[in-house]
């Protein structure tokens with residue numbers, strides 16, 4: 001082809017083309033986001049409402065149905081799911097993938113703001129978040145201290161930590177497990193209350209009526225204006241004890257301290273969080289449904305490092321569980337597979353070509369074609385994930401084919417006595433059309449995979465485009481860089497090594513054996529046809545027996561990095577525990593089907609150590 005002749009005559013031109021592909025590919029790769037899988041998540045907005053003391057059916061009728069009816073008419077909604085439990089309503093709204101999650105959340109907030117007046121006054125205001133209410137935090141932090149109790153830790157975390165983590169890019173919500181907030185606890189003595197002919201409703205009404213902040217207006221004169229403030233709120237235990245809740249039979253005032261025990265304590269003592277037996281606060285960071293897990297985890301870790309110098313003396317903030325570690329480990333394994341595949345391909349090429357110079361030519365085309373594929377990935381807004389890296393691993397065996405075909409044809413001509421320059425021009429021209437046709441066939445095979453519908457199409461869209469891009473660039477490199485390098489490296493002639501001659505002899509004997517068996521099979525056509533149909537039948541049976549699923553079941557998380565000691569997390573009612581030591585995890589990770597089964601093994605190991 002003409003481009004091959006130009007590349008041979010002007011080697012700088014061919015070299016510049018490959019260098020530009022490498023430079024642009026590396027620049028695109030540095031800007032690509034890193035994810036575990038392609039972005040297939042639909043925008044999800046959640047609405048959480050607390051109604052303390054209400055039964056599940058009451059929450060369903062008074063809160064969940066009311067909010068659902070209001071938000072159901074929003075544009076782009078594909079699915080609404082809700083869950084009503086005792087004291088809590090959770091609603092998930094899934095939007096069309098083309099809808100911006102920020103715009104969807106704003107529309108939901110607008111609709112919810114209009115329905116707040118129709119909710120029970122005892123219910124907390126609904127919380128709208130850009131996250132699935134059933135999603136687990138991607139990273140858990142543990143705040144513990146030797147000088148502060150849990151109440152003080154909770155107050156410090158809410159004032160200093162929660163806001164700093166909440167404003168990070170990609171963070172939807174910051175959860176606190178085991179938190180205990182300050183509250184005035186009133187323990188009523190029912191006998192004392194009955195003796196004064198009062199009820200709990202009287203106590204509640206008095207607290208609501210007296211413990212309020214009311215505007216008192218202002219005083220105006222010709223020269224001054226003063227704002228009045230009334231001190232009607234109750235701030236101390238003694239003020240609550242002195243609160244008048246009614247009048248007795250003789251007209252005397254009945255105070256709260258006479259019928260109840262009042263003390264400052266934790267608002268809720270039903271949850272607890274311990275780290276290696278030490279009470280603390282668990283801080284869980286939830287990401288936006290379409291956020292990059294690795295970027296969010298890195299931002300949280302960076303913010304944690306900036307917070308550490310400002311912590312009070314004796315206070316620790318440590319990473320307990322980081323789900324991004326599993327993603328990074330998966331990506332590292334795929335990169336290792338990519339390098340191993342490249343080394344093996346080069347070794348096989350050398351085994352058959354038997355010439356180190358000849359092996360160098362396709363060995364150079366492999367990284368150029370693979371790196372150039374990042375240009376297309378960056379232009380289409382793809383990410384570096386497990387499937388795109390898998391596509392590059394598979395592409396290694398494809399991108400090298402064009403270079404080997406061109407090289408082998410040129411090499412054959414040189415063995416017949418043609419000079420390297422002429423053999424490079426005529427050999428590449430002779431095989432150029434076949435190289436282009438082969439490339440188009442491979443692109444036609446993989447590219448339609450990217451246009452499948454549904455979640456399968458979303459999952460494999462980047463996979464198909466990545467392989468097609470790598471194969472297309474390999475054709476360009478094979479027709480420019482390969483003939484140019486061949487004309488320069490083999491200017492002194494081509495020589496095969498003894499290993500190549502041995503391999504050729506082996507394959508000649510193999511070809512003769514195949515020829516004999518093929519002639520025998522052609523004399524028995526029904527035997528071949530019967531064997532073919534038997535193989536098809538067995539494959540059909542196995543296809544029906546094998547289970548089917550969209551993707552293999554992955555692990556929901558791995559322990560934190562080895563340089564940070566994993567710690568136990570007990571949060572709310574789930575009581576999920578990470579491994580107490582990385583050695584226990586390594587022993588159990590291949591025996592357990594899921595991370596939760598491994599956590600049970602870790603708890604058993606911890607109990608055994610405590611017993612010893």
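The values are calculated or read from the model by the stated rules, or taken from the named source; none is laboratory data. All figures in this text were calculated on a predicted structure; none of them were measured in a lab. With ideal geometry, Cβ positions are generated from the backbone for all residues, glycine too; neighbour counts draw on all protein chains shown.
So how many residues does the range 125-142 have that are surrounded by 13 or more Cβ atoms within 10 Å (Cβ to Cβ) and at pLDDT 85 or above?
Number satisfying all stated conditions: 9.
Of these, 349, 375, 340, 404, which one is at pLDDT 90 or above and either assigned by TED's automatic domain parsing to the domain that holds residue 434 or touching a helix residue (DSSP H, G or I) at 6+ places or on another chain (Cβ under 8 Å) (or both)?
375
Return the residues of the range 203-220 that are in a helix (DSSP H, G or I) and either in contact (Cβ under 8 Å) with a residue 12 or more places away in the chain or surrounded by 12 or more Cβ atoms within 10 Å (Cβ to Cβ) (or both); say none if nothing qualifies.
Within the range 203-220, 203, 204, 205, 206, 207, 210 meet the criteria.
Matching residues to (1) crowded, with 22+ Cβ neighbours inside 10 Å; (2) farther than 17 Å from residue 466 by Cβ:
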| position | (1), (2) |
| --- | --- |
| 342 | no, no |
| 361 | yes, yes |
| 369 | yes, no |
| 393 | no, no |
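Which residue, of 29, 72, 105, is crowded, with 19+ Cβ neighbours inside 10 Å and at pLDDT below 90?
Within the list 29, 72, 105, the selection yields 105.
Yes or no: residue 451 assigned by TED's automatic domain parsing to the domain that holds residue 22, within 29 Å of residue 29 (Cα to Cα) and buried (at least 22 other Cβ atoms within 10 Å of the Cβ)?
When the stated conditions are applied, residue 451 does not pass them.
Residue 445 passes all but one of (1) without any contact (Cβ under 8 Å) to a residue 24 or more places away in the chain; (2) surrounded by fewer than 19 Cβ atoms within 10 Å (Cβ to Cβ); (3) more than 29 Å from residue 336 (Cα to Cα); which number fails?
Among (1) without any contact (Cβ under 8 Å) to a residue 24 or more places away in the chain; (2) surrounded by fewer than 19 Cβ atoms within 10 Å (Cβ to Cβ); (3) more than 29 Å from residue 336 (Cα to Cα), residue 445 violates only (3).
Based on this model, can you work out whether residue 375 counts as assigned to a helix (DSSP H, G or I), under 29 Å from residue 17 (Cα atoms) and without any contact (Cβ under 8 Å) to a residue 40 or more places away in the chain?
So residue 375 fails the test.
With the condition being closer than 19 Å to residue 377 by Cα, I'd like the helices (runs of 4 or more DSSP H) fully within the range 1-75 carrying at least 2 qualifying residues.
11-31
With respect to residue 269, determine if the residue is in a helix (DSSP H, G or I) and either loosely packed, with under 14 Cβ neighbours inside 10 Å or modelled with pLDDT of 80 or more (or both).
no
Go through the range 221-234 and report how many residues are within 18 Å of residue 253 (Cβ to Cβ) and without any contact (Cβ under 8 Å) to a residue 24 or more places away in the chain.
1
Restricted to the range 165-184, and to residues that are loosely packed, with under 15 Cβ neighbours inside 10 Å and in contact (Cβ under 8 Å) with a residue 12 or more places away in the chain, which residue is nearest to residue 301 (Cα to Cα)?
Result: 169.
Go through (1) under 25 Å from residue 181 (Cβ atoms); (2) free of Cβ contacts under 8 Å to residues at least 24 places away in the same chain one by one and return the number of the condition residue 251 breaks.
Of everything listed in (1) under 25 Å from residue 181 (Cβ atoms); (2) free of Cβ contacts under 8 Å to residues at least 24 places away in the same chain, residue 251 misses just condition (1).
Mind listing whichever residues of the range 221-237 are part of a strand (DSSP E or B) and within 52 Å of the chain's Cα centre (by Cα)?
Of everything in the range 221-237, just one residue is part of a strand (DSSP E or B) and within 52 Å of the chain's Cα centre (by Cα), namely 229.
Could you tell me whether the range 143-152 includes any residue that is surrounded by 15 or more Cβ atoms within 10 Å (Cβ to Cβ) and within 24 Å of residue 48 (Cα to Cα)?
Within the range 143-152, not a single residue is surrounded by 15 or more Cβ atoms within 10 Å (Cβ to Cβ) and within 24 Å of residue 48 (Cα to Cα).
Looking only at residues that are surrounded by fewer than 14 Cβ atoms within 10 Å (Cβ to Cβ) and out of contact with any helix residue (DSSP H, G or I) (no Cβ under 9 Å at 6 or more places or on another chain) in the range 279-312, which one is farthest from residue 240 (Cα to Cα)?
My answer is 302.
Pairs please, first residue from the range 508-524 and not assigned by TED's automatic domain parsing to the domain that holds residue 352, second anywhere and part of a helix (DSSP H, G or I) and modelled with pLDDT under 90, Cβ atoms under 6 Å, 6+ apart in sequence or on different chains.
From the range 508-524, the pairs are 521/528.
Looking only at the range 81-116, which residues are under 26 Å from residue 453 (Cα atoms), out of contact with any helix residue (DSSP H, G or I) (no Cβ under 8 Å at 6 or more places or on another chain) and part of a strand (DSSP E or B)?
81, 92, 94
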